[in-house]
Amino acid sequence: MFGKIKSFKQEGNKLFIQFEKNIVNVEIISSSIINFFVPLKRKERLSKAIENLKIEQCKFSVENKKERVTITTDKLKINVFDNFKVDIYDCHGNILCEDYRGDRNPFIRRGVGNAWEVAASEGHELKDDGSKLKVQVLKKMEKDMYFYGFGEKTGHLNKKGYHYKMWNTDEPKPHVESFEALYKSIPFFIGLKEKQAFGILFDNTFESHFDMGKENSDYYYFGAVDGNLDYYFIYGPSIRDVVSRYTDLTGRTPLPQLWTLGYQQCRWSYVPEQRLMEVAKEFRSRDIPCDALYLDIDYMHGYRVFTWDNDKFPNPKKTLSNLKDDGFKLVTIIDPGVKKDKGYKIYDEGIKNGYFAKDKDGIPYVNKVWPGDSLYPDFPNEKVRNWWAENQKIMMDYGVSGIWNDMNEPASFNGPLPDDVMFNNDGVITDHREMHNAYGHYMSKATYEGIKKHTNKRPFVITRACYAGTQKYSTVWTGDNQSLWEHLRMSIPMLMNLGMSGLTFCGTDVGGFGFDCTAELLSRWVQVGCFTPLFRNHSSILTRDQEPWAFDKQTEDINRKYIKLRYKLIPYIYDTFWKEESNGLPVIRPLVLNYQEDKNTYEINDEFLCGENILVAPIVEQGKATRVVYLPNGNRWIDYWTKETFEGGKYIIKEAPLDTCPIYIKEGSILPNYPVQNYIGENKIKELILDVYPSAEDTETQYVHYQDDGESFEYRKGVYNLYEFSIKGIEGSKEGIIIKINKSYKAYTNDYISFKFKVNNIKPTEILADGNSIDFKIVDEYVEFTVKDQEEISIK
Ligand code: GLC
């Protein structure tokens, strides 16, 4: 396909290598990121994932020998050989990623005669999609490799040995390990090889395939059915570096509004108005915090987007304002499908302006979704996005606080959209094959921009379909899971991989969407949901009720306990989001992300970290009340409930009856807590609570807490506060510690008046704040005291 290297040219950070049959552009994005681009379809690199490519001016050298071009940066050495074979080394000469030199040699699916037909007659289907690729890159499988990322895929954390397809798919069948595609396409993965990590973003929106050593364990490959060969190699060496660089490239989840981190309750559907209000009332009367309620498709007039069914909601503005008075924010669903209906404003405007995707003859394309015959807005076109963004005002004027974008794979009930449905991608006329995977991305972008414009607050958008980079615009949920233990189990690696693929703000339907939930399953699921960035309970029409009180008192108490725990942890989760905006590290993380040196963490599917300090090891099996917990090496860990300390690098057995989710806090942690409220903003938080887990060592640990107005973009102008807390053992004293409080940055005026400390596992005889003795109280395993402006506290 390429042949021998014929010539080579350099223009700034770009190299153009002319092969006998093709030209390859190699662009040095930074010393750790290299782009390889072959214009097989189009001359330019028209990325949907990357909007503002930043080139870091860095030193590099290029050497051109006859059969190879060598590029050396501070971090990498890249050899490009004849036939466009690329080998990448770290700066010490260790191979990181080597192109495979042979041809693909898939295993044989054995069967005699017309085996495929015979198998299919009983419904057994096997797909081998990897054969139709026009673009493909084969990499040698190195020894000891692990793969992570790929966005939302079923199965385990480590993707080695599996084949995945990127083709956004609305999948109502119970999601199982063998599925190759679901709603989202994030063509990005991380390779971990002998403790060194790198990432590859294969930026191609056509149907693409990733085979991680399934068809042959000597190589792995990625490829697509069409489009350019366009991939970014992103060096680590830590997974943290890779994720940070990948999110720098494709964008990071912006800081959300604080209320979006509260508990959210959804159902298909809370209608009519009385039912919605009843649910709201239950939360408040049962003392279960809740911030958001959702309206699913039935609130609309005949499923016409941007309308209300006035029989069910006679006065939506009033309903929303009543809800607001009680602290509830309302999120409404808006699907892409616009009902084909003359006289309906959205349809008429779309037709008049040519805003819908067209068939090959230029006629607006019609398929079927909830409203019946419907048309698909041409979201890849900026003009259409602007129109859609304007329409958000309709919902915002009613007082809606967030928009839920569903069915944007795009889904269709009348067979898939044909390949030749045409879109106008900001001036480039293209077809469904290229736009399918980016459709949800563009819809989210339009929604985000509309909400931003009309509210000037940080938009809350939740989408089902997306592409790499959608994290800039939207929260995601993992679509139609079911109330199955298997789906609770699977949600953990799925969310961890979404987080490592840039989609920090993610969650599953807590309790499961399809099928009927059980009391025990909901109890265990809420224990996981409590630590996932998006904490939303959702269930399908006709399934049994699944609200926190829908079963029995015990289940309700467990729901209340964990929802309240979530409200305590809100400032900690918010801090993690704030840090994410500058470092790209997700809220929900696999242990390997923080403990790459500890090989025991590489394949842990049923434990996760929430930010830097909290390890969660939930029970994900029916009837189980004990489990083995692995505590990673490098830290000591404290049981959140019993305050017992454990060494890291060990497996322990934890008893966990139904009301207990095993939670461990990293020794040395300082966790900011809020008092529990019915909803975020119910009370002005004047006192920050600090839950402290001192280290037995003399080492100093620090925690930076961030505070702002929780809703506007003022923080981008510097209107926020930073509080740096540190703890250190007092030298020579067995138990004594010193805590320092440093209000290191102050620009937001509504700051805290006092700090209430709860220092665990310490029984002091005296506490001095700036040298003066203060009152304290010993409660169970901790000591409690309050300070105001003092900066140094010594606990003896
Ligand atoms: C889809 C969504 C689900 C929603 C339903 C009705 O199945 O995934 O969350 O409730 O449509 O709108």
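Remarks
- Subset of the stretch 368-394 (residues that are within 16 Å of the ligand (Cβ to nearest atom) and open to solvent by less than 80 Å² (accessible area, probe 1.4 Å)): 369, 371, 372, 374
- Where strands (runs of 3 or more DSSP E) fall entirely within the stretch 663-770, those with at least 1 residues that are under 28 Å from the mean Cα position of the chain (by Cα) and of a type in the set (Ser, Thr, Tyr) are at 663-666, 701-707, 721-729.
- Hits in the stretch 338-362 - residues which are β-branched (Val, Ile, Thr) and either at pLDDT below 95 or touching a Leu at 6+ places or on another chain (Cβ under 7 Å) (or both): 338
- Of all residues in the stretch 472-497, those satisfying the criterion of being away from the ligand (no atom under 16 Å from the Cβ) and surrounded by 24 or more Cβ atoms within 10 Å (Cβ to Cβ) are 473, 488, 492, 495, 496, 497.
- Evaluation of residue 295 against the conditions (1) within 16 Å of the ligand (Cβ to nearest atom); (2) in contact (Cβ under 8 Å) with a residue 40 or more places away in the chain; (3) touching a strand residue (DSSP E or B) at 6+ places or on another chain (Cβ under 6 Å) shows that the sole unmet condition is (2).
- Residue identified as away from the ligand (no atom under 13 Å from the Cβ) and surrounded by fewer than 24 Cβ atoms within 10 Å (Cβ to Cβ) among 551, 505: 551
- Some residue of the stretch 250-265 being within 16 Å of the ligand (Cβ to nearest atom) and at pLDDT 95 or above: yes
- Residue check for residue 542: closer than 18 Å to residue 183 by Cβ and in a loop (DSSP other than H, G, I, E, B): no
- Some residue of the stretch 514-532 being open to solvent by 10 Å² or more (accessible area, probe 1.4 Å), more than 16 Å from the ligand (Cβ to nearest atom) and either under 15 Å from the mean Cα position of the chain (by Cα) or aromatic (Phe, Trp, Tyr) (or both): no
- Taking each residue of the stretch 522-549 that is over 12 Å from residue 266 (Cα atoms) and aliphatic (A, V, I, L, M) and looking for partners that are within 16 Å of the ligand (Cβ to nearest atom) and modelled with pLDDT under 95 with beta-carbon atoms closer than 9 Å, six or more apart or interchain, yields nothing.
- Yes/no for residue 442 being open to solvent by 10 Å² or more (accessible area, probe 1.4 Å) and of a type outside the set (A, V, I, L, M, F, W, C): yes
- Only one of 580, 556, 607, 612 that is surrounded by fewer than 18 Cβ atoms within 10 Å (Cβ to Cβ) and outside the structural domain of residue 404 (by TED's automatic domain parsing): 612
- Residue ranges of strands (runs of 3 or more DSSP E) in the stretch 397-461 with at least 2 members of a type in the set (A, V, I, L, M): 428-431
- Those residues of the stretch 305-316 which are of a type in the set (D, E, K, R) and open to solvent by less than 40 Å² (accessible area, probe 1.4 Å), in sequence order: 309
- Residue match in the stretch 718-727 (condition: open to solvent by 70 Å² or more (accessible area, probe 1.4 Å) and at pLDDT 95 or above): no
The values are calculated or read from the model by the stated rules, or taken from the named source; none is laboratory data. In this text the structure is predicted, and so the values were computed from the model without any measurement. Cβ: placed from backbone, ideal geometry, glycine included. Neighbour counts: every protein chain shown. What goes into the accessible areas is simple: the full protein's heavy atoms, side chains included, and nothing from ligands, DNA or RNA. Shrake-Rupley method; radii C 1.70, N 1.55, O 1.52, S 1.80 Å.
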